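What follows is a single structure, written as structure tokens, with notes after it.
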Amino acid sequence: QLQLVESGGGLVQPGGSLRLSCTASESTFFDYYHLGWFRQAPGKEREGISCISPTGGITISPDSVKGQFTISRDNAKKSVFLEMHSLKPYDTAVYYCAARHFSLSWDCRPSKFDSWGQGTQVTVSS
């Protein structure tokens, strides 16, 4: 299990941008983990936003966020990032990063991940 800490959340105006960061500590096998970003809004179930393979070669995102959110990772820094653009009030949620050990069969559903950060609040409001 990885120790993950998110940062970069906050209040942003509609149409604005944010960059979320997530860093793992005390991990010597960071490049053996799939990583993902998830969000949970009040009254809604947690959903996958974007996930990335251990070396960054494959990403998975639902069609609803493609072109708006972009995931990337820097294994040397043990970090994963989420670039968010054209934010809407609908995007208001607690955003989490998560990890799972390598598997040939994987997807971006929350149930497939077992190491979770504490979450960072993103609020989109004027």
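The values are calculated or read from the model by the stated rules, or taken from the named source; none is laboratory data. What you see is a predicted model; the values in this text were computed from it and never measured. Cβ sites come from the backbone with ideal geometry, for glycine too, and all protein chains shown count toward neighbours. The protein model used for the area step is the full one, side chains on, heavy atoms only, and it has no ligands, DNA or RNA in it. Shrake-Rupley method; radii C 1.70, N 1.55, O 1.52, S 1.80 Å.
What does the accessible area per residue of region 61-123 come to in Å², with a 1.4 Å probe and no ligands, DNA or RNA counted? List each step's numbers first, then the result.
Numbers: 3270 Å² over 63 residues.
Ligands and nucleic acids excluded, the figure is 52 Å² per residue.
If each residue of separation counts as 0.36 nm, what is the full-extension length gain between Tyr32 and Lys77 once their alpha-carbon separation is subtracted?
Extra length available between Tyr32 and Lys77 comes to 14.8 nm.
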Discussion item. Can you tell me which lysines have their Cα less than 23 Å from the Cα of Lys112? Leave out same-chain residues fewer than eight positions away.
Written reply: Lys44, Lys66, Lys78
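Give the accessible surface of region 1-55 per residue, rounded to a whole number of Å², with probe radius 1.4 Å and ligands, DNA and RNA excluded.
Numbers: 2850 Å² over 55 residues.
Per residue, region 1-55 has an accessible area of 52 Å².
With all protein chains present, how much of the accessible area of the chain (probe radius 1.4 Å) comes from carbon and sulfur, to the nearest whole percent? Intermediate values should be presented prior to the final figure.
On the way: 3300 of 6660 Å².
Of all accessible area on the chain, carbon and sulfur atoms account for 50 percent.
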Item to complete: Calculate the dipole size of region 25-67 relative to its Cα centre from +1 charges on Lys and Arg beta carbons and -1 charges on Asp and Glu beta carbons; express the result in debye to the nearest 20.
Response: 180
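If you keep only loop residues by DSSP, which trypsin sites (Lys or Arg not before Pro) in region 30-99 have at most 14 other Cβ atoms within 10 Å of their Cβ?
Details: sites: Arg39, Lys44, Arg46, Lys66, Arg73, Lys77, Lys78; in loops: Lys44, Arg46, Lys78.
Listed in order of number, the matching sites are Lys44.
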Response to the item:
Filtered hits (lysines, Cα-Cα < 20 Å from Lys77, offset >= 8 within chain) -> none
